[in-house]
Structures are given as C-alpha cells and as structure tokens.
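Right, one structure below, let's go through it.
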Amino acid sequence: MELAMKTIGCWDDMSTYGVVPLTGEACGLMYRILCDVTAQGKRILEKALDVVELRLQENWNRGTADNAHVGSVMLAREVLPFIGVFALLEHGCPEVWLTKGNTLVGIERTDSREEVELFKRFHASDLVRRFAYSGTAGDRNQHMMSGRAH
C-alpha cells in the first residue's frame, strides 16, 4: 500500500482548497499575490486567522457553478505554509508536516501507522515541524482558570 498524502508546495496547489492565485502584479508593492476565494477558501482563511467573518474584496472571476468565487484577497507569499496547514487539516489530514523546503505534507487518515512511521524515518532530516489539531479545544487551547476556549 502506498501513502495517499497530500502536498502543498506552491500557490497553485491552494486552488484545490479554494484559494485561487491570480497575479502578483495587482500589489503596488509587488509583495502580495491577488487570489480569488471560494466559500471553502474563505472558511480556511477564517479558521487560520481566527476571525468570525472575513470581509473580502470583490472577486475578479466567477469560478464555476459548483465552486463560485465569493471574493478576493491579497496574500503575502510567506503565508502559504501558514494557510496551507489549515487547508490540509480542514480537509481531514490528522497531521501535517512542514519540510525544510517549505512544502507541506498532509498525512491522510487512510495511511497506515507503519507507512507514516516509515515516511517520517526516511525523511527525518527534511521534516521541520508537525501540526495537528491537538489543543485542549481542537485548534485552540482552553484557558484553565475560566474554561474559555474563545
């Protein structure tokens, strides 16, 4: 059996998760990438940024009937790993690994424990950090005195 892991290594990979890169020329600083966002992409950005309602700029393209674009946003190139972690976790990966090359590797629930351990041993010198929803309240930690998670 082969690992079914998902990877995010460039902005084009985010299209699968509803953050569709369009151009880098829209930013007057030539720093950010203009992206259209689907409803799914908007939820990922809201989760990553921990905001209740993200107000987006008007979308540039329509998307498809099944996956309409609901707005646009400019994102710095450096936030790709940050947003990508949440994209993979929200799509069912129980853990995500960041590599030295800033590629994200999402382990699938269908991957056997033995295969995952073999992957980790083989790539040990390239793996930088593991991410998983393992806080006391999922992606957040619960405050011990008040019991609040939000």
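The values are calculated or read from the model by the stated rules, or taken from the named source; none is laboratory data. It should be emphasised that the depicted structure is a prediction, and the values quoted were computed from it without experimental measurement. So basically every Cβ, Gly included, is an ideal-geometry build from the backbone, and we count neighbours across all protein chains shown. What goes into the accessible areas is simple: the full protein's heavy atoms, side chains included, and nothing from ligands, DNA or RNA. Shrake-Rupley method; radii C 1.70, N 1.55, O 1.52, S 1.80 Å.
Residue check: Gly106 meets all listed conditions (1) exposed (fewer than 13 other Cβ atoms within 10 Å of the Cβ); (2) in a strand (DSSP E or B); (3) in contact with a Gly (Cβ under 9 Å, 6 or more places away or on another chain) but one, namely (1). Determine which member of the set Val51, Val96 is under 19 Å from Arg140 (Cα atoms) and open to solvent by 50 Å² or more (accessible area, probe 1.4 Å). Being under 19 Å from Arg140 (Cα atoms) and open to solvent by 50 Å² or more (accessible area, probe 1.4 Å) holds for just one of Val51, Val96, which is Val51.
Of the residues making up the stretch 56-70, one or more are crowded, with 20+ Cβ neighbours inside 10 Å, over 23 Å from Arg140 (Cα atoms), modelled with pLDDT of 95 or more and not charged (D, E, K, R). Considering each residue of the stretch 82-101 in turn, none proves to be assigned to a strand (DSSP E or B), of a type in the set (S, T, N, Q) and farther than 18 Å from Ala132 by Cα. Inside the stretch 2-25, residues that are open to solvent by 50 Å² or more (accessible area, probe 1.4 Å) and in a loop (DSSP other than H, G, I, E, B) make up a count of 4.
Here the condition is being out of contact with any Cys (no Cβ under 8 Å at 6 or more places or on another chain), modelled with pLDDT of 95 or more and on the phi > 0 side of the Ramachandran plot; of Gly18, Gly84, it holds for Gly18 alone. Evaluation of Ser125 against the conditions (1) in contact with a Leu (Cβ under 9 Å, 6 or more places away or on another chain); (2) in a loop (DSSP other than H, G, I, E, B); (3) loosely packed, with under 15 Cβ neighbours inside 10 Å shows that the sole unmet condition is (1).
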